[in-house]
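Participant: Could you have a look at this structure, given as structure tokens, before my questions?
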Amino acid sequence: MNDKKENKGGKCTIALTRRQVLKAGLIGAAGLMIPWKFTATKAIAAIPGGTLDPLSVPKFATPLLIPPVMPKAGTIKTKGGKNADYYEISMRQFSQQILPAGLPPTTVWGYGSVNGAGSKNPLLLHNAPSLTIEAKWNTPVQVKWINELRVDPTDPTSAYLPHLLPVDPTLHWANPPGGTAGRDTRPTFTETPGRYTGPVPIVTHVHGAVGVGDESDGYAEAWYLPDAAGIPAGYATKGTWYDFFAGKAAASYGATWGTGFATFQYPNANRASTIWYHDHALGMTRLNVYAGPAGFYIIRGGPGGDAAVLDSRTNTPAVLPGPAPKEGDKFPPNKTYYEIPIAIQDRAFNNDGSLFYPNTREFFDGATAEDPGYIPDTDLSPIWNPEFFGNCIMVNGNTWPFQTVEKRRYRFRLLNGCQSRFLILDFSQITGVEVWAIGNEGGFLAAPVNITALGNQLLMGLAERADVIVDFTNVPVGNYVLGNLGPDEPFGGGVPGADFDPADPASTGQIMQFRVVPALAPDPTTPPQFLVLPPIAPLPVPVRTRPLALMEEMSMFWDGPAAAMLGTVDSTAGTAMHQMWMDPVTENPNVGDTEVWELYNFTADAHPMHVHEVVFEVVDRQPITFMEDMGHITDIQLAGTARPPEAWELGLKDTVIAYPGEVTRIRAQFNSPGQFVWHCHIVEHEDNEMMRPYRIGPVQPGQPGSM
């Protein structure tokens, strides 16, 4: 899997192989423009993973689980006088049948309600993915997030549970063993450590929440351990920012935090949209999310909601496909849903049903303890893998499920919840289907986009969402597979089959099956070409442009990356400088300012970049050229013409694909003061330095590090 590299006259020349490593010598010496597309030179015969062969897993044997609605604990009055929907949600470990019946169950983690007193027929169920939080526009939601990762989740006197997966303690991570002084740091070692087996830190982030206070955003250093027995003396039980944010929560909305939990409040100021929630603990996001805890969070109503969509033929309210699951619905459901959230994730398994995730860097590129060695003898972490691609596709918590659909229109809220895998959803094998995109992360698009006219393929980066109408009206009765043409390796842009090898058609090239049956009744919904979507208010004129860098730190001892990083670009000097998580904040918009952030990608891979707290407009993308010598980026220049965003990116987003050899420009308004983060959503990258804090407004009195 290594990329071949040799040094010639101080400039780097590279023979591109699996990771298509891009170095400036490749383009700088000859003064060539970096293309958007890169040509792969070889295919991978099989996708490595656990002991379970993905080809032995029966496909389309399990019906798709349509996530039910999370039950509420009640309604409370907030400190500001507004009514808020209140939830008590814990994270637990349990057994779930992810593989088809007849194969062993899988031990996973997931969220679930522990108090359904405010709901009719409450479903107190922990699942992976978890139940959907249904929120109303401009109506606050308050959630008590509880860490119950202990042997008996109902008993605080029981022992803590170690992680299901191998935790690398050499990263800059939560680091409970470091104690109060050493938490949230990158430890130093005199010999290579083994995996961490102590209690697990968590902190929940609602991905896409707009206007949330920083105390409720799931800041990576605001984690907390479970209230459990056996936690070693001297361990830190909460992150550096936990106490500061606890004080803000008490002052802002009257919540009291305690051992093993934190209570967050969400204003639901977004336009109606599909957002989601998942863990965000420092240096452990890849592992915690892979273990299972994630779920949909859907905001409905308001001026950008379904009721504001019109039918152009009559100028009256349009009819969108529905219903969706509602609070109090029976489970399993006794009604048919035509609006369905669909979370697509990749996993690998062992023969006993357990999750597989690599326990050594050797899995990625062959680096072993003997050659070249690990920390402290080299700069390679022993367990962290720069990317991971599961060899099984899981949809809503089951491998390769099926969904029976009628010959009519459906609304699917799609989420790419994979680890490192870009998806190119391929509807082209479904005869007669018609697909329209009507929304993305920030709610409805400016106008419907006919995906079928664009080839019936939809690219989705990590954490991106797509709100689509899939019309099965003209599909003959029968069984059809939704395909995936995204690669089983890092993605750099381009065309499947021409610029890279698509996913394995026998495994990861298949997502799920649709079983098309006759319609039970006439379809009352509005054809998508006649939908008039709610207008999107343009953002104010930007007052500032920030050039930022997406970078990769190559190992000094091995032909491969030691970390993925972010940084800043000096446009005047034409240079870039990396920044670590611990470095001072460099992105500090004033409250209310609108800025353009320019994401210069100096790596070989596309990165899905997520900015917390805001939604943004994609402005454009433009090729760049640059020089690279021993990790130093110089002579950065714009090249060629900027191209506009893709049609399905028009509107508001919270995650954007930044392609290699390009600058991607986004525009956002920063209205809520506080400390937040921006990062790559390839979670392996995020966990090893490709995340940076940013601050809106001034330093807060008493915040960590302000003295």
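The values are calculated or read from the model by the stated rules, or taken from the named source; none is laboratory data. Here the structure is a predicted model, which means the values were calculated and not measured. Virtual Cβ from ideal backbone geometry, glycine too; neighbours counted across all protein chains shown. Surface accessibility is based on the protein's heavy atoms, side chains included, excluding ligands, DNA and RNA. Shrake-Rupley method; radii C 1.70, N 1.55, O 1.52, S 1.80 Å.
Participant: So for the pair SER252, ASP501, with labels modelled 7 Å out along Cα→Cβ, what separation do we get in nm?
Facilitator: 4.8 nm
Participant: Roll a 1.4 Å probe over the protein chains and send me the accessible area per residue for segment 630-681 in Å².
Facilitator: Result: 33 Å² of accessible area for each residue.
Participant: How big is the gap, in Å, between the Cα center of segment 467-520 and the Cα center of segment 100-115?
Facilitator: Taking the Cα centre of segment 100-115 as reference, the centre of segment 467-520 is 26 Å away.
Participant: Another question, then. Taking a temperature of 37 °C and a viscosity of 0.692 mPa s, what whole-number D in µm²/s does Stokes-Einstein yield for segment 251-299 with Rh from Kirkwood over alpha carbon pairs?
Facilitator: Estimated via Stokes-Einstein, D reaches 249 µm²/s.
Participant: If you don't mind, another one. To check my understanding: the extent here is largest minus smallest coordinate of the Cα atoms along each principal axis. What are those three numbers for segment 333-417, in Å, largest first?
Facilitator: 61, 26, 18
Participant: Counting only protein heavy atoms and using a 1.4 Å probe, what share of the accessible area of segment 381-494 belongs to carbon plus sulfur, as a whole percent?
Facilitator: Numbers: 1110 of 2170 Å².
Solvent-exposed carbon and sulfur of segment 381-494 make up 51 percent of the total.
Participant: Could I ask something else about it? Bin by bin, in steps of 10 Å, what percent of the Cα pairs in segment 610-705 do you find, going until the bin that has the longest distance?
Facilitator: Percent of Cα pairs in each bin: 13, 34, 37, 15, 2.
Participant: If a paramagnetic tag sat 7 Å from the Cα of ARG195 along the Cα-Cβ line, which residues of segment 72-115 would have the backbone N under 18 Å from that point?
Facilitator: Residues passing the 18 Å test: 93-95, 106-110.
Participant: Karplus couplings for segment 118-125 from phi (6.51 cos²θ - 1.76 cosθ + 1.60, θ = phi - 60°), rounded to Hz, Gly and Pro as x?
Facilitator: x, 10, 8, 6, x, 9, 8, 10
Participant: How much length is gained on full extension from ASP243 to ASN590, taking 0.36 nm per residue of separation minus their Cα-Cα distance? Kindly include the intermediate steps, with their values, before the conclusion.
Facilitator: Numbers: separation 347, 0.36 × 347 = 124.92 nm, distance 2.51 nm.
Full extension of this stretch gives 122.4 nm more.
Participant: Right, here's the next one. Over all Cα pairs of segment 540-661, how is the pair count split among 10 Å bins, expressed in % and running from 0 up to the last occupied bin?
Facilitator: 11, 42, 35, 10, 1
Participant: Do any GluC sites (Glu not before Pro) in segment 101-205 lie in a loop, going by DSSP, with at most 15 other beta-carbon atoms within 10 Å of their beta carbon, and if so which?
Facilitator: GLU191
Participant: I've got another one for you. Would you please classify the overall shape of segment 443-564 from the alpha carbon gyration tensor, given that a ≥ b ≥ c denote the square roots of the eigenvalues, rounded means a/c under 1.5, and beyond that prolate means a/b larger than b/c while oblate covers the rest?
Facilitator: Verdict is oblate for segment 443-564.
Participant: Rg and Dmax of the chain, Cα atoms, in Å?
Facilitator: Answer for the chain, Rg first and Dmax second: 24.1, 74 Å.
Participant: Let me ask you something else. Take the alpha-carbon positions of segment 248-399, form their convex hull, and give its projected area averaged over all directions (one quarter of the hull surface) in nm².
Facilitator: Hull-based average projected area comes out at 16.3 nm².
Participant: Looking at the square roots a ≥ b ≥ c of the eigenvalues of the Cα gyration tensor of segment 53-99, which shape do they give, rounded for a/c under 1.5, prolate if a/b is larger than b/c, or oblate?
Facilitator: In terms of gyration-tensor shape, prolate.
Participant: Check each of the trypsin sites (Lys or Arg not before Pro) in segment 74-176 and keep only those in coil by DSSP with at most 12 other C-beta atoms within 10 angstrom; list them in order. Walk me through the numbers on the way to the answer.
Facilitator: Values: sites: LYS77, LYS79, LYS82, ARG92, LYS120, LYS136, LYS144, ARG150; in loops: LYS79, LYS82, LYS120.
The qualifying sites are LYS120.
Participant: Rg(Cα) of segment 518-557 divided by 2.2 N^0.38 Å?
Facilitator: 2.73
Participant: If you wrap a convex hull around the C-alpha atoms of segment 125-182 and split its volume per residue, what is the figure in Å³?
Facilitator: 193 Å³
Participant: Label-point separation (nm) for THR154 and VAL517, each offset 7 Å from Cα along Cα-to-Cβ?
Facilitator: 3.8 nm
Participant: Label points 7 Å out from Cα along the Cβ direction at VAL319 and ASN334: separation in nm?
Facilitator: 2.5 nm
Participant: Take the Cβ-Cβ distance between VAL477 and SER95 as r, set R0 to 51 Å, and report the resulting FRET efficiency rounded to the nearest 0.05.
Facilitator: After rounding to 0.05, the efficiency reads 0.85.
Participant: Continuing with this model, one more query. May I ask for the net charge around SER130, where only other residues with Cβ less than 14 Å from the Cβ of SER130 are counted and Lys, Arg are +1 while Asp, Glu are -1?
Facilitator: -3
Participant: What figure in square angstrom, to the nearest 10, would you give for the accessible area of PHE245 with a 1.4 Å probe?
Facilitator: The value for PHE245 is about 0 Å².
Participant: In percent, what relative contact order does the chain have, based on Cα pairs under 8 Å that are 6 or more apart in sequence? Don't skip to the end; give the middle numbers.
Facilitator: On the way: 2018 pairs, mean separation 110.8, N = 707.
Once normalised by length, the contact order is 16 percent.
Participant: Still on this model: Rounded, prolate or oblate: which one fits segment 174-219, using the alpha carbon gyration tensor with axes a ≥ b ≥ c (rounded when a/c is under 1.5, else prolate when a/b beats b/c, else oblate)?
Facilitator: Here segment 174-219 falls in the prolate category.
Participant: On a 32 Å Cα-Cα criterion, which of the cross-link pairs LYS238/LYS326; LYS59/LYS653; LYS59/LYS238; LYS77/LYS120; LYS144/LYS330; LYS238/LYS330 come out too long?
Facilitator: Pairs exceeding the cut-off: LYS238/LYS326; LYS59/LYS653; LYS59/LYS238; LYS238/LYS330.
Participant: Here's something else I'd like to know. Over the residues of segment 158-278, compute the C-alpha Rg and express it relative to 2.2 N^0.38 Å.
Facilitator: Against the compact-globule rule of thumb, the ratio is 1.16.
Participant: Beyond 20 Å, what share of the Cα-Cα pairs of segment 52-188 is found? Please give it as a whole percent.
Facilitator: Tail of P(r) above 20 Å: 63 percent of Cα pairs.
Participant: What figure, in Å² to the nearest 10, do you get for the accessible area of HIS172 with a 1.4 Å probe and non-protein molecules left out?
Facilitator: Probe radius 1.4 Å; accessible area of HIS172 about 20 Å².
Participant: Based on the Cβ-Cβ distance from GLN637 to MET556, what FRET efficiency comes out when R0 is 41 Å, to the nearest 0.05?
Facilitator: On the way: r = 28 Å, r/R0 = 0.68.
About 0.90, to the nearest 0.05.
Participant: Kindly state, to the nearest 0.05, the FRET efficiency for THR404 paired with ASN350, given R0 = 25 Å and r defined as their beta-carbon distance. Display every interim value, and only then the final one.
Facilitator: Details: r = 31 Å, r/R0 = 1.24.
That pair, THR404 with ASN350, gives E of 0.20.
Participant: May I pose another question? Report, by chain and number, residues whose modeled amide H sits under 5 Å from the one on ASP635, excluding near sequence neighbours (fewer than 5 apart, same chain).
Facilitator: Amide H neighbours of ASP635: MET627.
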